[in-house]
Amino acid sequence: PDEYAPSQGMLADIAAAGDKINLIEAPKEAAKNSDLIIADTWVSMGDKDASERRRILSPYRVDKNLMNMANSDALFMHCLPAHRGDEVSAEVMDGPQSVVFDEAENRLHIQKAILAYVFGIEELS
């Protein structure tokens with residue numbers, strides 16, 4: 001939605017870098033023939049406008065109908081924590097196309113690697 005679209009300055013920076021971005025506001029159009037659908041948390045702890053944000057973003061919920069618009073082998077990712085029923089349905093979150101827990105495990109390993117690098121550890125046991 002317009003309320004959460006990239007700023008004109010951000011779009012100008014993208015263009016100046018020689019990159020291209022396609023903004024598609026319609027969820028079904030964006031999901032059509034996609035290989036990957038990624039969601040993020042709509043509301044963080046302490047958000048004062050949580051109910052308004054949920055109202056605005058509810059048409060963008062990733063559910064089975066939206067996943068059916070994507071390729072049959074499309075994956076679903078979410079950086080967690082996820083709120084089932086808000087940004088993603090439980091059916092998708094816990095379904096066969098979801099790789100959210102693999103994603104979380106990968107994040108654990110990269111965080112360990114960053115710590116090893118920061119502390120000068122060359123080999124992790």
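Relative contact order of the chain: 23 percent, from C-alpha pairs under 8 Å at least 6 residues apart in sequence. Between ALA26 and ARG84, the simple spin-label model (points 7 angstrom out along Cα→Cβ) gives 3.2 nm.
Value of Rg to Rh for segment 5-61, rounded to two decimals, is 1.04; Kirkwood radius and Rg both from alpha-carbon coordinates. When only alpha carbons of the chain are considered, Rg and Dmax amount to 17.6, 49 Å.
Here r is the Cβ-Cβ distance between ALA16 and LEU36 and R0 is 22 Å; the resulting FRET efficiency, rounded to 0.05, is 0.25.
Among the DSSP helices (H) of the chain, those spanning at least 20 angstrom by Cα along their long axis with an average Kyte-Doolittle hydropathy of -0.5 or more are 100-118; this is a geometric and hydropathy rule only. Dividing the summed helix terms, -39500 (n - 2.57) for each DSSP H run of n ≥ 4, by the number of residues in the chain produces a 222 nm estimate of -11000 deg cm²/dmol to the nearest 500.
The listed peptides 117-123, 105-111, ordered by packing as a protection proxy, come out as 105-111, 117-123 (highest mean of other Cβ atoms within 10 Å first).
Once both labels are positioned 7 Å from their Cα atoms along Cα-to-Cβ, the gap between GLN111 and ASP73 label points is 3.2 nm.
Throughout, read-outs are computed from the coordinates displayed, never taken from laboratory work. Computed from a predicted structure; not experimentally measured. Cβ sites come from the backbone with ideal geometry, for glycine too, and all protein chains shown count toward neighbours.
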